[in-house]
Structure formats: C-alpha cells, structure tokens
Amino acid sequence: MDISKKLRIEDLQKHVDEHFDHEVLNILSGQQMYEEFSSQQLMGKSDYAPFNEAMCVHDTVETIFSDSFKQIRATGHQVSLAEYEVIAVAPLEKTLFSKKYQCIVLWFGEDMFCQMNLITTLAYLEQISFKGTIYYHAVKEQTYDVKETEITLGSYYDIYEAVLLDHRMPDIELMSVTYQGIKLYLELLQNDNEITKYIQAHQHLSQNEIVRNLLHLFPQYGLGDTQYFALIQATIK
C-alpha cells in the first residue's frame, strides 16, 4: 500500500474515532481487505470485521442473516452450514451482532461485487433499526484511494428486495456507483451477457487462461476466480 494512501486512511479513521469516542465498527469488504488493514494497523482502537460474502451470486431470502438466509447461502456456496457460520457469520457475531456502536464505517469497493455486498449490509442495518452514523468509504482496491460518503438509511431494504430478490432495477434514487453496480448485476443474470459471450468465443483456451483474461478485461464486475470458474462451467457444456 502506497504510504500516502495509508496516511489518508489513517486520517479518516482518526477523525471518526475522535468524533465518536472509539465506539466505531469498520466493516471491510472481504477477508483480503481485512487482513491488509489489520497488518497495516489502520483501524486504531476501533473494532473491525470482514464481510465475507458474495451476494452477487446464488439465491437469498428476505430476512438477512436469519437461519433460512444462512442455509440458502451455504447451499449456494456449496459449503456446510457450519463452514458458512465460521467464514461469514463468526466475524460479525463478535462485533455487529453483539455490540452497540455510534458509528459504522463501510469499506467497500465500487465494483458490482462490492456494491451487492454494500446493499445487503445497509439493508441489514435497516433491518435491525441501527440509529447511529454510517459512512461509506469507497475504496479503489488496487490503489487504496478512498472517497467518503455519509449514508442515510431508509431505502436500502427496498433496494435489497428489488435487486437481490426480485432481480429488477429499484424505483429509488441511488448513488451513481450503486446504480452502475446494479446495472452490471442485472446484466450478469442474463444468460447472454458480455462475460458469457467472451467465454463462448474463447473455448479453445484453457480455463485458467480464460479466468486470467476475464479478471483483466472485466474489473468493473469485481468477480474472483471462484465465480469465473463457475461461469465457465455453466457456459461451456
């Protein structure tokens, strides 16, 4: 991480900590960002936890983190419920599910993958009637540039239902980055999308080579190799 970006993140965190007397939870987009921030000791005295999900793939249900949610998500990821609890639930059990915070800071990228996770997290905060302050720190995960936006709850559960349950564009005003993420997500749900077209046109390549190319060509989706291998297997029959 570039030292100037590290200092920028530390300044943002110091401001939040001072304003909210350290009653702050930082939720980071996945295990990799969590480990990077942890190793750099960027969160000061605040709590922090990873959001280890990929909401842009597989089915979901209305009540986020309910028993049925955990079961259907585990089934989609092809892991046991116990494994899902360890990976996705346990980090939040120690923080978000058990403590009260004045402020929650969400560190998520601007790609489609992160935006679906951001929508789900904000919908959950509405579900539990969180009353504190929420900041969205939009992180460019290659450079660690950060842009801060204060979030007002009130419409995110409706967005979650429209997008991740009904698979449609919500009739609600959206941040431009979220609008773009939803647009890409809805396109990805179509069988004939730009990623499947690329896969079909390059079947002569090895799967590993296709995945490397997809990671390079479609960074706006934010998908990882696990999702791309699944797409390849579903596309090439």
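Using the Cα centre as the reference, give the magnitude of the dipole from point charges on the C-beta atoms of the stretch 97-237 (Lys, Arg: +1; Asp, Glu: -1; all else neutral), rounded to the nearest 20 debye. Don't skip to the end; give the middle numbers.
Numbers: 10 positive and 17 negative charges, 68 e Å.
Roughly 320 debye for the stretch 97-237.
Quick check for you: with a 1.4 Å probe and neighbouring chains kept, what is the accessible area per residue of the chain, in Å²?
On the way: 12040 Å² over 237 residues.
Here the residues of the chain average 51 Å² of exposed surface.
At 7 Å along Cα-to-Cβ for each site, give me the label-to-label distance between residue 209 and residue 236 in nm.
1.0
Determine the share of the chain's accessible area contributed by carbon and sulfur atoms, expressed in whole percent, with a 1.4 angstrom probe.
On the way: 5570 of 12040 Å².
Its accessible area is 46 percent carbon and sulfur atoms.
For residue 167 and residue 75 in the same chain, what is the full-extension length gain: residue separation times 0.36 nm, less their Cα-Cα distance, in nm? Mind showing how you got there, number by number?
Numbers: separation 92, 0.36 × 92 = 33.12 nm, distance 1.97 nm.
Stretched out fully, the residue 167 to residue 75 stretch lengthens by 31.1 nm.
Round to a whole angstrom and tell me the spacing of the C-alpha centers of the stretch 106-167 and the stretch 37-57.
14
Which of the GluC sites (Glu not before Pro) across the stretch 151-212 are loop residues per DSSP, with 16 or fewer other Cβ within 10 Å?
Passing both the DSSP loop test and the Cβ count: 173.
Suppose a student asked you for the relative contact order of the stretch 140-237, using Cα pairs under 8 Å spaced at least 6 residues apart; what percent would you report? All intermediate terms of the calculation are to be shown ahead of the outcome.
On the way: 44 pairs, mean separation 19.5, N = 98.
Relative contact order of the stretch 140-237: 20 percent.
Calculate, for residue 187 and residue 129, the FRET efficiency according to 1/(1 + (r/R0)^6) with r their C-beta to C-beta distance and R0 35 Å; round to the nearest 0.05.
Numbers: r = 33 Å, r/R0 = 0.95.
Efficiency, rounded to the nearest 0.05: 0.55.
Taking 8 Å as the Cα distance limit and 6 or more residues as the minimum spacing, I'd like the relative contact order of the chain as a percentage.
The normalised contact order for the chain reaches 18 percent.
Going down the list 140/197; 94/183; 99/183, which pairs span over 29 Å between their C-alpha atoms? Walk me through the numbers on the way to the answer.
Values: 140/197 27 Å; 94/183 34 Å; 99/183 35 Å.
Long pairs (Cα-Cα over 29 Å): 94/183; 99/183.
Tell me, what ³J(HN,Hα) does each residue in the stretch 27-39 have, in order and in whole Hz, if you take phi through Karplus 6.51 cos²θ - 1.76 cosθ + 1.60 with θ = phi - 60° and put x for Gly and Pro?
Whole-Hz 3J(HN,Hα) from phi for the stretch 27-39: 10, 9, 6, x, 5, 5, 5, 4, 5, 5, 5, 5, 5.
The values are calculated or read from the model by the stated rules, or taken from the named source; none is laboratory data. Predicted model, so just to flag it, every value in this text is computed and none were measured. Cβ atoms come from the backbone with ideal geometry, glycine included; neighbour counts cover every protein chain shown. Side chains included, ligands, DNA and RNA excluded: accessible areas come from the protein's heavy atoms. Shrake-Rupley method; radii C 1.70, N 1.55, O 1.52, S 1.80 Å.
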